[in-house]
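The values are calculated or read from the model by the stated rules, or taken from the named source; none is laboratory data. Quick caveat: nothing in here was measured; it's all calculated off a predicted structure. Positions of Cβ are generated from backbone atoms using ideal geometry, with glycine treated the same way; all protein chains shown enter the neighbour counts.
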């Protein structure tokens, strides 16, 4: 079973894992395990629903304090489940007692395999009914908006208006789908024009944790992926890089700076990074000696290679030095003069200082 209506990826994967385990327990007739897992899953799904759509006078703290039976009663009161479903749920009323053998004995809890089968059926019913209510409450779904953006170019201009009719949980899904769409290199992918624009709009409307999940994927791509994937993630998420730990920030910046330095002899790449304004993303992160040295190494490489083509190298240099404070700009130039042969730096600064490199 797919819990695709659950927004949080980690929470969703845990529920899917527990459901799979519960199904295996049912096959082996492990009745106690089935009852414990079934009760736990239903409690988690109902809690998640009410946190997203809190009933009147129910704070987050109050919802988190409800046990399974009270959650089921609340679900019935809000017409999420039927009376027959509520009555069926009595098989799980005391499922937590089964976790502690002493309480199981004291409470004289009894169960058999038939009880476990009923519990599994109850789980299927409640998930089906909760999922239907999710869909009724969220307005447009993430899938609806993706389809609209792919097939109706005019709708792109009213994206922010459409978001007013999208629940926060679906905005989180939409954010992840758009990032996946941007990184989909398949020739058969149904591309959305400029998904970065929509991703940036969504950032202020979703929880920080959703962005952090994607930042962790950036780290993973550095460790196991390809260079183009890392740069694509960095382009989308570098304004939020401070959400990472100091060590993770250093890892990301060292990788990106090194990749840019390696690409410094490729005018097409320099042009692309310029248009994305990526050279301007480093200045506020020059916090360690390693990052500073890679930053200076990149600048020196641009000065050495500028004559390979036109003003794109000056534009890249301009973005880099304008990303730092004024007092550091002269120090950067001094470093270049001391570490780059005058054959390269003299004509570079002559053109840069008088503006001869400008394309007009």
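Do we have any residue at all in segment 124-131 that's assigned to a helix (DSSP H, G or I), modelled with pLDDT of 85 or more and closer than 19 Å to residue 30 by Cα?
For segment 124-131, residues assigned to a helix (DSSP H, G or I), modelled with pLDDT of 85 or more and closer than 19 Å to residue 30 by Cα: present.
List pairs: first residue in segment 160-185 and surrounded by fewer than 18 Cβ atoms within 10 Å (Cβ to Cβ), second residue assigned to a strand (DSSP E or B) anywhere in the structure, Cβ distance under 8 angstrom, at least six positions apart or on different chains.
That search, which allows pairs on different chains as well, returns 165/139.
Does residue 223 satisfy the condition of being free of Cβ contacts under 8 Å to residues at least 12 places away in the same chain, within 22 Å of residue 246 (Cβ to Cβ) and surrounded by fewer than 14 Cβ atoms within 10 Å (Cβ to Cβ)?
Details: free of Cβ contacts under 8 Å to residues at least 12 places away in the same chain: yes; within 22 Å of residue 246 (Cβ to Cβ): yes; surrounded by fewer than 14 Cβ atoms within 10 Å (Cβ to Cβ): yes.
Taking the combined requirement at face value, the residue satisfies it.
Could you identify the single residue in 165, 196 that is in contact with a strand residue (DSSP E or B) (Cβ under 7 Å, 6 or more places away or on another chain) and in the same structural domain as residue 247 (by TED's automatic domain parsing)?
Working: 196 fails: in contact with a strand residue (DSSP E or B) (Cβ under 7 Å, 6 or more places away or on another chain).
Going through 165, 196 in turn, just one is in contact with a strand residue (DSSP E or B) (Cβ under 7 Å, 6 or more places away or on another chain) and in the same structural domain as residue 247 (by TED's automatic domain parsing): 165.
Show me the helices (runs of 4 or more DSSP H) entirely contained within segment 250-360 in which 1 or more residues are out of contact with any helix residue (DSSP H, G or I) (no Cβ under 9 Å at 6 or more places or on another chain) and in the same structural domain as residue 216 (by TED's automatic domain parsing).
Values: elements: 267-275, 289-305, 312-321, 326-339, 342-354.
Fully inside segment 250-360 and qualifying: 267-275, 289-305, 326-339, 342-354.
Do we have residue 57 as at pLDDT 90 or above, loosely packed, with under 14 Cβ neighbours inside 10 Å and either in a helix (DSSP H, G or I) or assigned by TED's automatic domain parsing to the domain that holds residue 35 (or both) here? It would help to see each step written out before you state the result.
Values: at pLDDT 90 or above: no; loosely packed, with under 14 Cβ neighbours inside 10 Å: yes; either in a helix (DSSP H, G or I) or assigned by TED's automatic domain parsing to the domain that holds residue 35 (or both): yes.
When the stated conditions are applied, residue 57 does not pass them.
Might you check whether a residue that is modelled with pLDDT of 90 or more, farther than 21 Å from residue 259 by Cβ, out of contact with any strand residue (DSSP E or B) (no Cβ under 9 Å at 6 or more places or on another chain) and assigned by TED's automatic domain parsing to the domain that holds residue 287 occurs anywhere in segment 219-240? Let's see the steps before the verdict.
Here is the first cut: in segment 219-240, the ones modelled with pLDDT of 90 or more are 219-240.
Then drop every residue that is not farther than 21 Å from residue 259 by Cβ, which leaves none.
Within segment 219-240 (the criterion being modelled with pLDDT of 90 or more, farther than 21 Å from residue 259 by Cβ, out of contact with any strand residue (DSSP E or B) (no Cβ under 9 Å at 6 or more places or on another chain) and assigned by TED's automatic domain parsing to the domain that holds residue 287), the answer is no, since none of the residues qualifies.
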